Amino acid sequence: MKIIFLDFDGVMDTARYELILRISGRPSVDAYGTFFDPECVWNLRQIIDKTDAKIVVSSSWKDLLSFDELLDMWEKRGLPGEVIGTTPYTLECRNRGDEIDLWLKGCQEECQYVILDDIDGSNFNEHQLERLVVVDAVKGLDEVAAERVIKMLI
């Protein structure tokens, strides 16, 4: 199974898009949170279409929304792919990398994975760094990062 551990802030919702919405006088949030940048959504769709990867939410949004609310948001916003879970949070997890390791340990299938985030490798475990794609939080998931993810999952 192919998995994308997906962060939202800085990856899917970007400072660039928030500025565009603010300047145009349009709302930037709904009942779920900040709107995702359409360019980032398009790039995620390209990854999903080419790899058939499933999504596991590693974003802190998993602490704000229940899994059912995340699924509801995914459907109502017309987002690509299938969200199959969230990384767990426990007291023994020191960083996001530990949460990912814990999710992988509980997975019943062998997983080929990529981590998409806007935070550097210091929040992940050393053995995960080759699977980490760090994006610029201003522009989020761009075409270059999407192509890198696709190559890692094919």
Task: Tally, over the stretch 102-130, of residues that are over 15 Å from Lys54 (Cβ atoms) and either without any contact (Cβ under 8 Å) to a residue 40 or more places away in the chain or β-branched (Val, Ile, Thr) (or both) - done: 14
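Which of the residues spanning the stretch 125-147 are in a loop (DSSP other than H, G, I, E, B) and either under 17 Å from Ser58 (Cβ atoms) or touching a Lys or Arg at 6+ places or on another chain (Cβ under 8 Å) (or both)? Quick ask: steps written out before the conclusion?
Taking the stretch 125-147 as the starting set, the residues that turn out to be in a loop (DSSP other than H, G, I, E, B) are 125, 135-142.
Within the stretch 125-147, Asn125, Val135, Ala137, Val138, Lys139, Gly140, Leu141 qualify.
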TODO: Give the residues of the stretch 100-124 that are surrounded by fewer than 19 Cβ atoms within 10 Å (Cβ to Cβ), aliphatic (A, V, I, L, M) and not in a helix (DSSP H, G or I), sorted by residue number.
DONE: Ile119
TODO: Quick one: Leu102 ticks every box in (1) within 12 Å of the chain's Cα centre (by Cα); (2) over 21 Å from Gly10 (Cα atoms); (3) among the aliphatic types (A, V, I, L, M) except a single one, so which number is it?
DONE: (1)
TODO: Consider Gly97 carefully, then state whether it is modelled with pLDDT of 95 or more, crowded, with 21+ Cβ neighbours inside 10 Å, small (Gly, Ala, Ser) and more than 18 Å from Ala146 (Cβ to Cβ).
DONE: yes
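The values are calculated or read from the model by the stated rules, or taken from the named source; none is laboratory data. Predicted model only: the values in this text are computed from it and were never measured. So basically every Cβ, Gly included, is an ideal-geometry build from the backbone, and we count neighbours across all protein chains shown.
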